[in-house]
Amino acid sequence: MLTVLFEDSAAMLRLIAALIGVNLTRIAGNPIFDAIASVTIGIILGCTAEVLSYEPKGLSINEAARPTVIGNIRKLVDNREGIISINELLTMHFGPRDILLNLSIDIVDGISASEVEALISKLEKDIKSARPEITRVFIEAQSWRGQDDNLRANYSATTT
């Protein structure tokens, strides 16, 4: 909303600069006013582009979700019956309202596969309800030991 207001205000400033430049050129008969208006319009365009490119640039390089979003997800998962802990929580923006969540959780031993499926389905539904900007959710059920072993294997593969 703020972006639209800013962009529209900049458009109005450009129109005003053009109107003043054209009218001063007509009244004075000197084309320098038209040139000054053109330069002013160019400066307004450049400043507008610079300001508006800041946030989308961050999103285009796939930045992580804000700490508040991650904190909300952690609150939804922590202390949930059937889940021991979060092994890893990764997020990535695909757009302002489009976040990918990859979640590795350690589930208590001894529950059936259908109970695991129900737990994961309910968790995914709760996350998407609480944070509508999270549009894609991938949940991996893995022990913390298995997660640790995978991280060690990945680290040793990249350092050799």
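Any read-out appearing in this document is the output of simple, stated calculations on the displayed coordinates, not a laboratory observation. Just so it is clear, the structure is predicted and the values come from calculations on it, not from any experiment. Neighbour counts run over all protein chains shown; Cβ positions are idealised from the backbone, glycine included.
Counting beta carbons within 10 Å around each of 129, 143 and listing the fewest first gives the order 129, 143. For residue 87, the residues 5 or more places off, or on other chains, whose built amide H falls under 5 Å of its own are 104, 105, 106.
Taking amide H atoms as placed 1.01 Å from N in the peptide plane, the amide H of residue 80 has no partner under 5 Å among residues 5 or more positions away or on other chains.
Listed by chain and number, the aspartates and glutamates whose alpha-carbon sits under 17 Å from that of residue 75, ignoring those within fewer than 8 places in the same chain, are 88, 106, 124, 126, 133. Scanning residues 5 or more positions from residue 137 or on other chains, those with amide H under 5 Å from its amide H are 101, with H placed 1.01 Å from N in the peptide plane.
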